[in-house]
Amino acid sequence: MTDTFLDKAYDTTGVEATRALYSNWAKSYDEETSKNGYATPGRCAAALKAATSDFSTPLLDFGCGTGLSGLALSLAGFTVIDGIDLTQDMLDRAAEKQLYRSLTLSDPEQPFPVKKGDYALISAIGVIGAGAAPIEVFDTLLSVLDTSGKMVVSFNDHTLEDPAFEGRITSAINAGVIDLISEEYGDHLPGINMKSKVYVIEKK
Ligand SMILES: C[S@@+](CC[C@H](N)C(=O)[O-])C[C@H]1O[C@@H](n2cnc3c(N)ncnc32)[C@H](O)[C@@H]1O
């Protein structure tokens, strides 16, 4: 029988444990999430599409995993997608989908592998929050996003339970750093009755 991981994912913390989780999950991730109706990538792609005019602008899919997010972005019309992820086994699955221009392994202990202005489009789909990357990653992505660039971010119900995550978006709006373009609460993994919020923000 194939191991399941959705029941373990949300309690995982720390870089090593997170990498081990996704390393072990890489082979069965697409099957398990699809079986549970994984809807957030499609919702994020549609929300970012609604805020985009040039679909050939390079898009950074941060925490691309096995490429389900890249697949949704590609189906929405984005044509130049670069992926970054913490876990080599997830990146290997993403490479099989042959839809990324580049795939880069990241190490949170090393300097961030992207410079300010490299991207005017960024996605962080199912990546920031419980069982994945800490909220500081939101600040890092925001710091490299080009001026007037757009970013789509999702927070699932577990993540929304901690007000620090949504609070970071509110603080950035209040500080005049970003504008909120859209915010929508909807299905994440209907098979386990979980929802997520999808935000599109623009950097000022
Ligand atoms: C739930 S998966 C989402 C993958 C993909 N975006 C999707 O929608 O299917 C979370 C991914 O984030 C990656 N990840 C977790 N923490 C990270 C970090 N600090 N930096 C980069 N990637 C990270 C994991 O390796 C995993 O592939």
Counting only DSSP loop positions in region 108-170, the GluC sites (Glu not before Pro) whose Cβ has at most 10 other Cβ atoms within 10 Å are Glu109
Output for region 102-157 (equivalent-ellipsoid semi-axes, sqrt of 5λ from the C-alpha gyration tensor, Å, descending) is 18, 15, 10
For the table Lys116/Lys197; Lys49/Lys204; Lys35/Lys115; Lys35/Lys197; Lys115/Lys195, the rows whose alpha-carbon distance is greater than 31 Å are Lys35/Lys115; Lys115/Lys195
Asp3 neighbourhood, Cβ < 15 Å, K/R = +1, D/E = -1, net charge -2
One finds the C-alpha centres of region 2-41 and region 148-203 to be spaced, in Å, by 21
Ratio for region 99-204, C-alpha Rg to 2.2 N^0.38 Å, reads 1.08
Among the Cα-Cα pairs of region 6-203, the proportion with separation greater than 28 Å, in percent, is 17
Counting only DSSP beta bridges fully inside region 6-203, the antiparallel percentage to nearest 5 is 50
By Cβ neighbour count within 10 Å, fewest first, Thr66, Thr140 rank Thr140, Thr66
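Every number in this text was worked out from the coordinates using simple rules, so none of it is lab data. Please read these numbers as outputs of a predicted model, since none were measured by experiment. Every residue, glycine among them, receives a Cβ derived from its backbone with ideal geometry; neighbour counts consider all protein chains shown.
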